[in-house]
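Take a look at the structure below.
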Amino acid sequence: MVAIKIASLAMLAFTAAFAAAQPVADAEKIQVSEPRNMGDATIDPRAITTCTSSEKKKCTNKGLACYKDADAYDPKAHEAEKRELSQLLSAINIPALIDRASHLRQGVRCQIPPLQYDRATRSSVMGGMNYHVPITFDDGIIWIARIRRFNASSPPANLRDHIIKSEVATLMFLQNTKVLVPKVYDFALEGPSNPVGVGFILMEKIPGKSLRWSIISAEQKKNVMKGIADVFIELQKHPFDLFGCLDKPGAADVGSFARESLTETVQPILSAIGPFSNLSEYHESSIKLILKLILQEEMYSQQSLDAYLIHRFLLDLIPHVVPPGGNEGKFYLKHADDKGDHIMVDDSCNITGIIDWEWAHTAPPELAFNSPMGLLSVGDFYKGDNSLGEHEVVFARILEEKGHEDLAKYVWNGRLQHRFAFCCGYDLADWDGFLGLFLGLRNVVGVDERLGWDEWKAVVMERYKDDPGVQTLLNGDDQ
């Protein structure tokens, strides 16, 4: 049975430099090999740096791990990717895609370059979840066809369709706001009625290049943060009543989450969870699902008791995490991967567009308007430091200068939300990283603070000794 795993919403986290991404102007950035958060596409924030050395499998950048190419770890990964993408590209009916694009522009002719897997240019056309086919019209206009990658870990067709429809619905909604996003011209789902042969989204190619935070000046960084603040201010004008994903293109309806990790099996169907009416409901549902999957040996099979104790503790922390009044009010659109390379900029670092809205969801303001992951001081964060980093402070002050103290408070008070989100569903294979995150969480809530792991485990073993799940795991270890 394929393990069904759940990851925290905020754990599509940022890279240490905001910017190891290559300048992929047409849609999604490349995702390199990384420690994954419970099987999802989550990036460990320390996993990518701007180091360009190709001679080492792993180097050190300010004391943080710098993971290189997946091929350096597993040469078979290259061959598997080549087979996957060659199969995907062969399934695309290029003439049908050209005809559809030309028809949508009243007969303006267009062309698509020959499609074949090329390791050297892969970063310009693909990301971790999607492949992008450029479509160039005779009048110079360029579109892209965004096509979801398909491999053994891909969700079933119904969930893939849900993910595509959700992204389209999100982009179509945002087109009626002041947020700069790619315009959607058409989309199609998989199925016999689709002559292109694969599901796709036809969208505008946003001008500019992906933001590379680590190589721009302090003044340029401030300019980018002002642009992000303007996005927050605009999104605040468009509240929703539920916590989930937009799911009907052309409408503002909120449905279940459109993300592989936020699913459970209701035999025989893999179903997405949500929507929810408040933050407590979401946390309780998602953590209880993790606990259930641990007991079913579908998650954390190598460290089941530790993982169970951690998440049982997190379940009890929910009242400490949800702010007063946090279960009342509205929800706002939030980008699910705000580490920075989703931002397109011109040569002056003015934002030209925000891309990669797959998995975007509504969220309470404490999450929607918290500091983007890309602004965290990642080294200090992983060491358990709960003070705001330099860029977070600047960002909060920018919001205040723009007259939005209400939004700035979510940044000033945001560390608890970051901590809790990271710890839920965290990949315990990165044990040292988790210990710093978990200590920081306990310190910020003032529960079991300053305890080392062994001391903390002894305390909670006593606290939860009568918990049925703990008893089940202990009895299983005795057999």
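Laid out as a table, the results:
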read-out: FRET efficiency for ILE112 and ALA77, using Cβ-Cβ distance with R0 set to 22 Å, rounded to 0.05; value: 0.20
read-out: Ranked by how many other beta carbons lie within 10 Å on average, peptides 394-401, 425-432, 464-471, 296-303 from highest; value: 394-401, 425-432, 296-303, 464-471
read-out: For region 274-410: relative contact order, % (alpha-carbon pairs under 8 angstrom, 6 or more apart); value: 18
read-out: For region 178-283, convex hull volume per residue from C-alpha positions, Å³; value: 194
read-out: Cubic angstrom per residue, convex hull over Cα atoms of region 423-479; value: 108
read-out: Under-5 Å amide H pairs with SER154, H placed in peptide plane, nonlocal only; value: none
read-out: Derived scalar couplings ³J(HN,Hα) [region 296-303; Karplus, 6.51 cos²θ - 1.76 cosθ + 1.60; whole Hz; x for Gly, Pro]; value: 8, 6, 9, 9, 6, 5, 8, 8
read-out: Placed amide H near ASN130: partners under 5 Å, 5+ positions off or other chain; value: ARG149
read-out: Residue-span extension gain [GLU401 to ALA96] - 0.36 nm each, minus C-alpha spacing; value: 104.7 nm
read-out: At 1.567 mPa s and 4 °C, Stokes diffusion of region 258-361 via Kirkwood alpha-carbon radius, µm² per second; value: 78
read-out: Relative packing of peptides 268-274, 228-234 - highest average C-beta neighbours within 10 Å first; value: 228-234, 268-274
read-out: Per-residue ³J(HN,Hα) for region 221-228, Karplus 6.51 cos²θ - 1.76 cosθ + 1.60, θ = phi - 60°, Hz, x for Gly and Pro; value: 4, 5, 4, 4, 5, 5, x, 5
read-out: Ranked by how many other beta carbons lie within 10 Å on average, peptides 372-379, 206-213, 80-87 from highest; value: 372-379, 206-213, 80-87
read-out: Derived scalar couplings ³J(HN,Hα) [region 287-295; Karplus, 6.51 cos²θ - 1.76 cosθ + 1.60; whole Hz; x for Gly, Pro]; value: 6, 5, 5, 4, 4, 4, 5, 4, 5
read-out: Interchain or long-range residues, amide H under 5 Å from LYS334's placed H; value: HIS361, THR362, ALA363
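Here, each number is a calculation from the coordinates, and none is a lab measurement. Computed from a predicted model, the values in this text were never measured in an experiment. Note: ideal-geometry Cβ built from the backbone for every residue, glycine included; neighbour counts use all protein chains shown.
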